[in-house]
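Worksheet: one structure, shown below.
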Amino acid sequence: MLQEMYRKMEEEIENLTLRVAEQANQRPRAQRLMTHPGVGPVTALATEVFLGDPRRFVDGKALASYVGLIPREYSSGARQRFGGVTKQGSPLLRFLWCEAGAHAVRRDPELKRFYRRKLVQKGLGKARVAVARKLGIRLWIMLRDEIDYQEFCRRGQKQHSGAACAGMPEVAYGANSHRPVD
């Protein structure tokens, strides 16, 4: 009896997964988000639906505050103390960004460097949340500017020579370097 129930549940999960993928493929904004490594149909669709119009957020900090990925602040006078994340927004979106961030770290060299730096500085849990926040801000930028991942990486390389994205070569001392030529 339990095996039969398990098979029915698996079929239902497969059916729902196909429906979510179908919905994501029908939406151009979700398709654009799925170009980022680690972001699948569920994360792309949830991000598009929960964020709505990306222009309503002034900056990445406002977005992170909306989702609940900023630290609580206990301040008095000149003393600033930060606590855990506020968890104000959607728990589902926070969860999906954390999961997508864990996958994106393996495929995106810039995120991998960021994660490793935060891992050494702050520890595992805080590093994962920091990557989730950074990924969320990247997805917001992609929605706001209506660009895909490759264009996002191209813009990032123009601003920070040497920063590479998945599928794009790293430029250390190449044509985009600021070092003078002898």
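When 120, 181, 171 are checked against the criterion of being at pLDDT 80 or above and of a type in the set (Val, Ile, Thr), a single residue qualifies: 120. Would a scan of region 122-141 turn up a residue that is under 20 Å from residue 31 (Cα atoms), touching a Cys at 6+ places or on another chain (Cβ under 6 Å) and part of a helix (DSSP H, G or I)? Taking every residue of region 122-141 in turn, at least one turns out to be under 20 Å from residue 31 (Cα atoms), touching a Cys at 6+ places or on another chain (Cβ under 6 Å) and part of a helix (DSSP H, G or I). Among the residues making up region 24-49, those that are polar (S, T, N, Q) and either more than 22 Å from residue 98 (Cα to Cα) or touching an Asp or Glu at 6+ places or on another chain (Cβ under 9 Å) (or both) are 25, 26, 31, 35, 43. Selection of region 69-102 for residues being touching a helix residue (DSSP H, G or I) at 6+ places or on another chain (Cβ under 8 Å), open to solvent by less than 40 Å² (accessible area, probe 1.4 Å) and either β-branched (Val, Ile, Thr) or farther than 14 Å from residue 135 by Cα (or both) yields 70, 86, 89, 90. Of the residues 82, 95, 114, 57, the single one that is among the aromatic types (Phe, Trp, Tyr) and in contact with a Pro (Cβ under 8 Å, 6 or more places away or on another chain) is 82. Counting the residues of region 29-50 that are open to solvent by less than 60 Å² (accessible area, probe 1.4 Å) and over 22 Å from residue 153 (Cα atoms) gives 1.
Exactly one residue out of 62, 100, 24, 30 is under 22 Å from residue 145 (Cβ atoms), touching a residue at least 24 places away in the same chain (Cβ under 8 Å) and under 19 Å from the mean Cα position of the chain (by Cα): that is 100.
The values are calculated or read from the model by the stated rules, or taken from the named source; none is laboratory data. None of the values given here were measured: they were computed from a predicted structure. We place every Cβ from the backbone using ideal geometry, glycine too, and count neighbours over all the protein chains shown. We work out accessible area using only protein heavy atoms, side chains counted, and drop any ligands, DNA or RNA first. Shrake-Rupley method; radii C 1.70, N 1.55, O 1.52, S 1.80 Å.
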